[in-house]
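A short worksheet on the structure shown next.
The values are calculated or read from the model by the stated rules, or taken from the named source; none is laboratory data. Computed from a predicted model, the values in this text were never measured in an experiment. Cβ placement follows ideal geometry from the backbone for every residue including glycine, while neighbour counts extend to all protein chains displayed.
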Amino acid sequence: MADARRIVVKVGSALLVDRDTGRLRADWLAGLATDVAALRAHGRDVILVSSGSIALGRRVLGLAAPLSLEQSQAAAAVGQIRLAGAYADALGPLGVTSAQILLTLDDSEDRRRYLNMRSTFETLLALGVVPIVNENDTVATDEIRFGDNDRLAAQVAAMAGADVCILLSDVDGLYTANPNLDPDATHLAEVPEITPEIVAMAGEGVSGVSKGGMITKVMAARTATDAGCALVIAAGGDPHPLRALSDGARATWFAARDDPRTARKRWIASMKPRGTVAVDAGAARALAEGRSLLPAGVTFVGGPFGRGDPVTIEGPDGRAMGQGLVRYTGDEARRIKGLRSGDIADVLGYPGRAALVHRDDMAI
């Protein structure tokens, strides 16, 4: 926590909404907001992945469980307004601006949407905004659902290049067995690697968490740690849950395999390229120094490819320097190659992005 530059925090419905009354737990949310504001004041980027829209909307509509898919979507549509408003009301007085982002699984699996989401997150965070992310239950079907917000939080952490992903839960971490059933069960403070034995330990519910609940947390940990992001399962019941975690509250930490930047570059390098972009000597030197690829340095564009597709980057000698995710289609790239960024709008008819391949989307 002390070294984290970017933090994703997952908030479950049980923490945010009272199970008996269906009302927002405003006092708890106020404490969380204070913690978030403190992190922002120390220069940390914070993204919240929050449940609660269906629970809040269900109460307003007077719907009894179990809900049909259509009823859940209707409740989400009503509840999303209230959920976003609750966060705005809690964070606003502390000088923190919040934004709502609704996602489905399709958004993270389509490269073009993935790049759009990543750019939106980067812009919001650069402006000091705290994004509030929720699954778009109003349109999601079983085929395009993340399925749970643990998984969504891990995917967002991977996409945003977070250093730490925090799953606030009703349990303080992973145990070797269910402590309610086994007096010899031992709490695991750190998991350096997710082995089959670790997965087996998550097979039983712990302290009110369902069997699927702990399994999904461990699977989320695998997604996050593979992307270079440490993940922690922590009890969220404290009035100031993030401050408690920073102060050393009992939790289970899953160690990241690499740092987020290295993991992302490894992922990009493993993709099958859809095209080729050749660069001049000046651009090759700039890329070697860790800078983005601008259209001005491009001498050749080969192959049909779409925005977000991986392309091989070749130096002036024809050798591959690496590859990256391109921000223009093949046709657009051919039209703007060799141009300065200020001339792109005159050719394409709209102001495009300055970089053909951004340095964050490149493995050289």
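Summary of values
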quantity: Some residue of the range 37-60 being of a type in the set (S, T, N, Q) and over 24 Å from Met159 (Cα atoms); calculated: no
quantity: Residue match in the range 53-72 (condition: of a type in the set (S, T, N, Q), over 22 Å from the mean Cα position of the chain (by Cα) and surrounded by 16 or more Cβ atoms within 10 Å (Cβ to Cβ)); calculated: yes
quantity: Residue within the range 212-230 that is within 30 Å of Ala90 (Cα to Cα) and assigned to a strand (DSSP E or B) present; calculated: yes
quantity: Residue selected from the range 73-96 under the condition of a type outside the set (A, V, I, L, M, F, W, C) and crowded, with 20+ Cβ neighbours inside 10 Å, by the criterion farthest from His42 (Cα to Cα); calculated: Gly79
quantity: Qualifying residue in the range 97-106 (condition: surrounded by 17 or more Cβ atoms within 10 Å (Cβ to Cβ), acidic (Asp, Glu) and in contact (Cβ under 8 Å) with a residue 12 or more places away in the chain); calculated: no
quantity: Matching helices (runs of 4 or more DSSP H) fully within the range 1-63 where at least 2 residues are out of contact with any Lys or Arg (no Cβ under 9 Å at 6 or more places or on another chain) and over 23 Å from Val232 (Cβ atoms); calculated: 26-41, 53-61
quantity: Criterion violated by Gly128 - all others in (1) small (Gly, Ala, Ser); (2) surrounded by 15 or more Cβ atoms within 10 Å (Cβ to Cβ); (3) over 14 Å from Trp253 (Cα atoms) satisfied; calculated: (2)
quantity: Residue list for the range 340-364, filter: under 12 Å from Leu294 (Cα atoms) and hydrophobic (A, V, I, L, M, F, W, C); calculated: Ile344, Ala354, Ala355, Leu356, Val357
quantity: Residues of the range 239-265 classified as without any contact (Cβ under 8 Å) to a residue 12 or more places away in the chain and assigned to a loop (DSSP other than H, G, I, E, B), total; calculated: 2
quantity: Which listed residue, of Ala251, Ala202, is of a type in the set (A, V, I, L, M, F, W, C) and modelled with pLDDT under 85; calculated: Ala202
quantity: Index of the failed condition, Asp137 passing every other in (1) modelled with pLDDT of 80 or more; (2) outside any helix (DSSP H, G or I); calculated: (1)
quantity: In the range 210-258, residue nearest to Gly31 (Cα to Cα) [restricted to those that are touching a strand residue (DSSP E or B) at 6+ places or on another chain (Cβ under 6 Å) and among the hydroxyl-bearing types (Ser, Thr, Tyr)]; calculated: Thr252
quantity: Considering residues of the range 283-302 that are over 31 Å from the mean Cα position of the chain (by Cα) and over 14 Å from Leu339 (Cα atoms) only, the residue surrounded by the most Cβ atoms within 10 Å (Cβ to Cβ); calculated: Ala284
quantity: Any chance Gln71 is in a helix (DSSP H, G or I) and in contact with a Ser or Thr (Cβ under 6 Å, 6 or more places away or on another chain); calculated: no
quantity: Every pair of residues 6+ apart whose Cβ atoms lie under 6 Å, when the first sits in the range 279-294 and is under 12 Å from Met362 (Cβ atoms) and part of a helix (DSSP H, G or I) while the second is at pLDDT below 95 and not acidic (Asp, Glu); calculated: Leu287/Ile364
